[in-house]
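Notes follow the structure.
The values are calculated or read from the model by the stated rules, or taken from the named source; none is laboratory data. Since the structure is predicted, the reported quantities are computational estimates derived from the model, not experimental observations. As a convention, Cβ positions derive from the backbone with ideal geometry for all residues, glycine included, and neighbour counts pool all protein chains shown. SASA here: full protein model, heavy atoms, side chains in, ligands and nucleic acids out. Shrake-Rupley method; radii C 1.70, N 1.55, O 1.52, S 1.80 Å.
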Amino acid sequence: MIARILYLEGMPIVSKLVAIHIGADVPLQLKYDLESEVGAVKAYNEGIRMCVELADNGTRAMLEAILSDEEVHVDWLETQMDQIKQMGLST
Ligand SMILES: [Fe+2]
């Protein structure tokens, strides 16, 4: 992504970090991870929307590939949470 920003003659900002929430147990870890992934999906969709608006198809294609990965992550986390609901946690 930094390479793309530089290619577009932009200035990547890597000093602004998103707060990380670490769950004390597996269900809480999954919950926080899911919140993060859902936020990523929303952000990439917004980025893709902007790329379409600006006719930047190179960046749009890059973001669409990343978005697909993030949607898989959301699905995996939801599956884990559903399995915990159905089977519970081991003791
Ligand atoms: Fe992810």
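Some notes on this structure:
- At a probe radius of 1.4 angstrom, the accessible area of the chain per residue rounds to 78 square angstrom.
- When only the Cβ of Lys, Arg, Asp and Glu is charged (+1, +1, -1, -1), the dipole of the chain relative to its Cα centre reaches about 220 debye.
- Simple spin-label estimate for Trp76 and Val38 in nanometres, 7 Å along Cα-Cβ: 1.9 nm
- Degrees between helix 26-54 axis and first principal axis of the chain (Cα, 0 to 90, nearest 10): 20 degrees
- Counting only protein heavy atoms and a probe of 1.4 Å, the accessible surface of segment 21-87 is 57% carbon and sulfur.
- Between helix 57-87 and the chain there is an angle of about 0 degrees, using the helix long axis and the longest principal axis of the Cα atoms.
- For the chain, the residue among Thr79, Ile22, Val38 whose Cα projects farthest onto the positive side of the dipole built from Cβ charges is Ile22.
- Spin-label proximity, Gln83 to segment 1-38 - amide N less than 19 Å from point 7 Å beyond Cα toward beta carbon: 25-35, 37
- Residue of Glu64, Glu53, Glu35 that the Gaussian network model of the chain assigns the largest fluctuation, springs spanning Cα pairs under 10 Å: Glu53
- Here segment 21-87 is treated as an ellipsoid with the same Cα gyration tensor; its semi-axes, largest first and in whole Å, are 30, 11, 7.
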